[in-house]
Amino acid sequence: MEEKRTSSYHTEENALSCIADDTALRIYGKIVRSREMEYQVIKAVEEKRVIAPVYLTLGQEAVAAALTEFIHGEMVFTQHRAHDIYLSLGADLGKFRDELLGLESGFSGGRAGSSCLRYMEDGIRLIGHHGLIGENVPQAVGASLASGECVFCVFGDGSAEEDYVLESLGYAVTKQLPILFVCMDNDLSILTKVAERRSWDLAQVASGFGMESRDLSDCPWTLYEIFRNWDRKAPLLVNVRVCRERWHSGIGIDGEREWKRNEIVREQLIRKGLEKEVMQIEDDAREEMDLLWNN
Amino acid sequence: MEQLTLAQTIQEITRDHLENHNGLLFGQCVTAVGWVNGSVPDCRNIVELPMTDVAGAGFAVGAALAGRRPIFVLRFQDFFTLNCNQIIHYAAISKELHHQGVPVFVRCIGTDAAGPVHSIMLHNIPMYFPGLKVYAPMTPGEYRETWNDFMNDDIPMFVSEHRSAYQMKEELHDHIEDNADIVLYGISDARTQMLLAAEKLREEGLKVSTVHIMKLKPLDVGRLTDAINKAKAGIVIDNGFPICGAARDIAYQLMVKAPGKKVYALSSEDHVKCFNPAQQNRTPDSVKIIGAVRKVLKGECPHD
């Protein structure tokens, strides 16, 4: 039986070669900036500047980096762990920082915090959840049905087990709604692994509903191609195997990641002769986030 | 021009919203037999939902986020126990949390004598949670006021309807007497029983005030206290269960605002509403209300 929790699961070995350098570097830039942002969040938590719970996206950010290449003003419904999507969409980072600091100048006046994102400015329509996992999935279906527009919906492997999520996937097929469902499958609900919780794969269930689906690990280049090829005429579900680097809530670490996607991506870009650009991106991101949080 | 019934009024309001204002209506089996007691029009922008009682509310919330101001129809109030998550945990809190409302008009339809689940009334549940308006209109005029309040705001509204009201045409008005022996406050279909009880009590020579409570939340306590300040005591009558119910909550609020006055609560009993006619545990009827009034006037608690 094929091992699914690997960095190469169902990925295309040469996917990067099909992507223009500027696109690949832009995606890497989002990965790096997301991570540098999270490092600053961790520091702020350690220093007790941020006291509300935080849901870090460290480890999964390659998916958001690729996905947001194809979001241009469409409604995006996210789960509790979505810092990476906020940043990768280009939403205001000062408002993000201030939200976590509990300031009135935050995107929701400091009331919503890390897990309840809502950003409806600058041509961005990002709608986070409020606390019930997977609640964003029926909302995405309703929004697409009501607007006739393409909608993006990101949720986790735990959400996939909610009855209303499965109902929603089925209805999206029934109505042939143009929704891209992305399941960030980190194999963990808090610390309970998927295999202990269910015997089925979400992608197979989606296929059973009649929805096109894919199941792969978080190679941004392969994902880029999948997202690019989606025709936006019917729903598509992509179950992406990712590694959660920190606790479900908080900044702690339980153990070593199964794979380090950011390092794999970095090595791939350097092998492609883009070392100088990679270094520049990293320096810029560090400086940007340091200035943002410590000035 | 012929006066419309409540059901016709709802149908007219709904048709205008769906045909002329880009509205949407979601519900299960709403275009089937009876079209929800004649309250749903045959027009465009109606979405027949699958039997997805939890996800269905999420579809409506998503539609509200997309700007369609949906009407979400629950043919029995007990369905709200399945559908409430998205309404109370998402739509209701959005305004305070993000300063961006998620306006969903939840038509939640109650009835009596329909068995242990379909008979329950639970407008007390949305009253408990922040961010929702909770109204229980019984007349055409009240429904128009309800709808206008919804359209002039951007927060979700829980509308507790009662099937017994759909053929009503007449408006219901407060009747407040100075130095009344008792003031009766009615909610939902308890209001018609309240009026019957008041009529009989007045025939006995008692001075009885009657006050109709349509807006359960926010509650206009100021309007309601005038009557209790002019009466010896009061009873709030509701069709829900008693514990943590609307009647008890409102009675408490009235007593806080009218120190020295006793206001009691009268509801259905804390028992299952069976199909068996003897155990249907219906809305307090006029006989029960009169009995409660007699106890109160003797200084006794009406529930003892």
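The values are calculated or read from the model by the stated rules, or taken from the named source; none is laboratory data. Model, not experiment: these values are computed from the prediction. For neighbour counting, all protein chains shown are included, and Cβ atoms are generated from backbone atoms with ideal geometry for every residue, glycine included.
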- prompt: Can you find even one residue in the stretch B:52-71 that is over 27 Å from B:Pro130 (Cβ atoms) and either out of contact with any Asp or Glu (no Cβ under 7 Å at 6 or more places or on another chain) or among the small types (Gly, Ala, Ser) (or both)?
  reply: no
message: Name the single residue that is nearest to the other protein chains (Cβ to nearest Cβ) among those in the stretch A:147-161 being among the charged types (D, E, K, R) and under 17 Å from A:Asn186 (Cβ atoms).
response: A:Glu161
statement: Of those in the stretch A:76-104 that are farther than 17 Å from A:Pro53 by Cβ and within 13 Å of another protein chain (Cβ to nearest Cβ), the residue surrounded by the most Cβ atoms within 10 Å (Cβ to Cβ) is A:Phe77
message: Quick check on this structure: which one of B:Gly67, B:Gly58, B:Gly62 is outside any strand (DSSP E or B), in the same structural domain as B:Ile10 (by TED's automatic domain parsing) and at positive phi?
response: B:Gly67
message: Can you confirm whether A:Ser207 is hydroxyl-bearing (Ser, Thr, Tyr) and more than 22 Å from A:Arg81 (Cα to Cα)?
response: yes
message: From the list B:Ala55, B:Ala92, exactly one residue is facing chain A (nearest Cβ under 7 Å) and either surrounded by fewer than 24 Cβ atoms within 10 Å (Cβ to Cβ) or small (Gly, Ala, Ser) (or both). Which is it?
response: B:Ala55
field: Entirely in the stretch B:202-262, the strands (runs of 3 or more DSSP E) that have 2 or more residues that are of a type in the set (Val, Ile, Thr), free of Cβ contacts under 8 Å to residues at least 24 places away in the same chain and buried (at least 17 other Cβ atoms within 10 Å of the Cβ)
entry: none
- prompt: With respect to the numbered conditions (1) in a helix (DSSP H, G or I); (2) out of contact with any strand residue (DSSP E or B) (no Cβ under 9 Å at 6 or more places or on another chain); (3) over 22 Å from A:Ile27 (Cα atoms), which one is the sole condition not fulfilled by A:Val165?
  reply: (2)
query: Is there a residue being under 28 Å from A:Val32 (Cβ atoms) and among the aromatic types (Phe, Trp, Tyr) anywhere in the stretch A:251-268?
result: yes
- request: Of all residues in the stretch B:33-52, count the ones that are surrounded by 20 or more Cβ atoms within 10 Å (Cβ to Cβ), away from chain A (no Cβ under 14 Å) and not in a loop (DSSP other than H, G, I, E, B).
  value: 1
field: A:Ala203 vs. criteria free of Cβ contacts under 8 Å to residues at least 24 places away in the same chain and aliphatic (A, V, I, L, M)
entry: no
statement: Residue pairs within 8 Å by beta carbon, gap of at least six or interchain, first lying in the stretch A:119-146 and more than 8 Å from every other protein chain (Cβ to nearest Cβ), second aromatic (Phe, Trp, Tyr) and in a loop (DSSP other than H, G, I, E, B), listed first then second, are A:Tyr119/A:Phe107
query: Here are some conditions: (1) facing chain B (nearest Cβ under 10 Å); (2) more than 24 Å from A:Glu69 (Cα to Cα). A:Phe107 meets all but one. Which one does it not meet?
result: (2)
message: Out of A:Leu177, A:Leu216, I need the residue that is outside any helix (DSSP H, G or I) and in contact with a Lys or Arg (Cβ under 8 Å, 6 or more places away or on another chain). Which one?
response: A:Leu216
query: In this structure, does A:Val205 turn out to be under 17 Å from A:Gln60 (Cα atoms) and among the aliphatic types (A, V, I, L, M)?
result: no
query: Considering only the stretch B:196-224, how many residues are among the charged types (D, E, K, R) and touching a helix residue (DSSP H, G or I) at 6+ places or on another chain (Cβ under 7 Å)?
result: 2
Residue selected from the stretch B:58-86 under the condition aliphatic (A, V, I, L, M) and under 19 Å from B:Ile120 (Cα atoms), by the criterion nearest to the other protein chains (Cβ to nearest Cβ): B:Leu82
task: State yes or no: is B:Met121 hydrophobic (A, V, I, L, M, F, W, C), buried (at least 23 other Cβ atoms within 10 Å of the Cβ) and under 11 Å from the mean Cα position of the chain (by Cα)?
output: yes
message: Quick test of your reading of the structure: A:Lys233 fulfils all but one of (1) farther than 30 Å from A:Lys48 by Cβ; (2) in contact with a Phe, Trp or Tyr (Cβ under 9 Å, 6 or more places away or on another chain). Name the failing condition by number.
response: (2)
